[in-house]
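Colleague: Sharing a structure here in C-alpha cells format.
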Amino acid sequence: MKSIDKQPALKMSFLKALQSLKNFLPIIIGMLLLINLINLFANSYYSKIFTNNSILDPLIGALAGSLSFGIPITSYIVGGELLKQGISLITITAFIMTWTTVGVAMLPLEAKFLGKKFAIVRNILNFIFAIIISILVVSTLTFLYNG
Amino acid sequence: MDKIKNKNKISGGIKFLIVVLIIYSVTALLNFSIIKEAFLNFSQMFIKIIPILIIIFVTMILVNLYFTKDRIGKYLGSKSGIKGWLYAIISGILFSGPPYAFFPLLGELKKGGMKNSLLAVFLYNRNVKIPFLPVTIYYFGLSFTVVLSLYIVMFSILNGKIISWLVKDES
C-alpha cells in the first residue's frame, strides 16, 4: 500500500529533477565549450606571467588560478611543473587554491542556483583565503622543517 | 495562453548555448583546428562528468522525494546545530566531482532551507580531494598535502561563519 502511495510522489520528484536537468544542462554544456576554447589560448601563458617578485607572484598566481578552469588534477600538474621551473611554493599554492575554490567562469551558474550575493561574496572570500592559506602552509612547513 | 507562451519561450540557458555555438562556428571559419581541439577537450571533459551528472540527477530525485523542508531544516538548516556543520564538512570531502555539477542540487537544498553557511562549508571542503591525494603527494610531498588539507577544513568553518554574517538566509 505504501509503495502505491509513493508512486505519484516518485513521479513528481522525477519530473521536478528532470526540469532542473533541462534548465542547467545547456548552461553547463555552454560553459564547458567556452572554457575549453579560452583554455587553448590561456594555458601557454602560465609560465610567462610570473615575475619572481615574492609579493606580486602569489597575487598573480591567485589571479591566474581564479581565471583558469579545468579539472582540479590539472592544477596540481600545472602547479608541479611550475614548481620545477622555480616558481615559489606560496605562488603555486595560491594558484592551486584559487583554481579549485574561485570560479570566475562559473560565477553566473553559481549565482543562478545559489544567489548572486552568495556567489560573489563566496568567491571574493575564497580568493583572500587562498592567499592567506598559501602563506600559512609554507610558513608551517618552514617551521616544521627548520624548527 | 500564458502556458503556451512559456512553452515556446527559449530559456536563458538555451540562448547562452546558442551564443556559444555561434562563437564556435565563427571561430571554425577562421581556424578549424582550434575548434577541433577545443571540442575534443570539451568532449573528454563532458564524458568524465556524465556519471557525476547521473548521480546528481538520482540524488535530486531522492532529495525531492525524502528531503522535505522539515528534514532539510533539521539536518542542514537553522535547527541543525554543530551536527549540520559536521555533515557539511564530511559530505564536502566525500563527494567528488566538479562544483558546478553540484550547484543545481545545492540550489534545491537551499530552496528547502539549507543554510548559506553550510553551503559554503560543503563547497570549500570539496577541495580536500581524496582521489587526488596521491597526485598531490607525488608533486608536493606528504607534509604539504596534510598541512594544506587541514587548513582547508579549518578555513571552511571560517568561510561558513563569514558567509552567514554577510549573506542572510532566506526565511
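Derivation of every value follows stated rules applied to the coordinates shown; laboratory data play no part. Owing to the predicted nature of the structure, the values given are computational and were not obtained by experimental measurement. Here the Cβ is made from the backbone with ideal geometry for all residues, glycine too, and neighbour counts use every protein chain on show.
Colleague: What ranking of B:S91, B:S156, A:S20 emerges when the number of other C-beta atoms within 10 Å of each C-beta is taken as an exposure proxy, fewest first?
Modeller: Working: B:S91 15, B:S156 26, A:S20 20.
Arranged by neighbour count, lowest to highest, B:S91, B:S156, A:S20 become B:S91, A:S20, B:S156.
Colleague: Once you average over the residues of B:48-54, how many Cβ atoms of partner chains fall within 10 Å of each Cβ?
Modeller: Values: counts 1, 3, 0, 0, 0, 4, 0.
Going residue by residue through B:48-54 and averaging, the value is 1.
Colleague: Of A:L107, B:A38, A:L144, which is farthest on the positive side of the dipole of the protein assembly as shown, counting Cα position, with +1 on Lys and Arg Cβ, -1 on Asp and Glu Cβ, and the Cα centre as origin?
Modeller: Value: A:L107.
Colleague: Does region B:69-166 classify as rounded, prolate or oblate by the C-alpha gyration tensor (a ≥ b ≥ c root eigenvalues; a/c under 1.5 gives rounded; else a/b over b/c gives prolate, otherwise oblate)?
Modeller: Values: a/c = 2.58, a/b = 1.88, b/c = 1.37.
Prolate.
Colleague: Kindly put A:M31, B:M114, A:M97, B:M45 in sequence by how many other C-beta atoms sit within 10 Å of each C-beta, fewest to most. Each step should come with its number before you reach the end.
Modeller: Details: A:M31 21, B:M114 26, A:M97 30, B:M45 18.
The fewest-first ordering by Cβ neighbours comes to B:M45, A:M31, B:M114, A:M97.
Colleague: With the cut-off at 1.5 for a/c, could you classify chain B from its C-alpha gyration tensor as rounded, prolate or oblate? Intermediate results must be reported in sequence, preceding the final value.
Modeller: Working: a/c = 2.31, a/b = 1.19, b/c = 1.93.
Verdict is oblate for chain B.
Colleague: Count charges around B:W165 for me, please; just the other residues with Cβ under 15 Å from its Cβ, Lys/Arg as +1, Asp/Glu as -1.
Modeller: Around B:W165, the surrounding residues sum to +4.
Colleague: Show that you can apply the helix-only estimate: for chain A, add -39,500 (n - 2.57) for every DSSP H stretch of four or more residues, divide by all residues, and state [θ] at 222 nm to the nearest 500. Present the calculation step by step, with values, prior to reporting the outcome.
Modeller: Details: 6 runs with 118 residues, N = 147.
Rounded to the nearest 500, it is -27500 deg cm²/dmol.
Colleague: Right, another one. Counting only trypsin sites (Lys or Arg not before Pro) that sit in a DSSP loop (anything but H, G, I, E, B) with at most 16 other Cβ atoms within 10 Å, what is the longest stretch of chain B containing none of them? Don't skip to the end; give the middle numbers.
Modeller: Numbers: sites that count: B:K9, B:K79, B:K168.
That gives B:80-167 as the longest site-free run.
Colleague: When the dipole is taken about the Cα centre of the protein assembly as shown, and only Lys, Arg (+1) and Asp, Glu (-1) are charged at their Cβ, what size is it in debye, to the nearest 20? Write out the running numbers ahead of the final one.
Modeller: Values: 30 positive and 10 negative charges, 272 e Å.
In total the dipole reaches around 1300 debye.
Colleague: With each pseudo-label sitting 7 Å past Cα toward Cβ, what's the B:F32-B:S164 distance in nm, one decimal?
Modeller: About 5.8 nm, to one decimal.
Colleague: Still on this structure, I have one more. How would you classify region A:2-146 from its alpha-carbon gyration tensor, with a ≥ b ≥ c the square roots of the eigenvalues: rounded for a/c under 1.5, else prolate if a/b is greater than b/c, otherwise oblate? Show your work: numbers first, answer last.
Modeller: Working: a/c = 2.79, a/b = 2.09, b/c = 1.34.
The shape class here is prolate.
Colleague: Where q = 0.08, 0.12 Å⁻¹, what log10 of I(q)/I(0) comes from the Debye formula for the protein assembly as shown, counting one point per Cα?
Modeller: -0.40, -0.88
Colleague: Let me ask something else about it. What FRET efficiency comes out for the pair B:V19/A:L67, r = Cβ-Cβ distance, R0 = 22 Å, nearest 0.05? Can you show the working numbers first?
Modeller: Details: r = 20 Å, r/R0 = 0.91.
After rounding, the FRET efficiency stands at 0.65.
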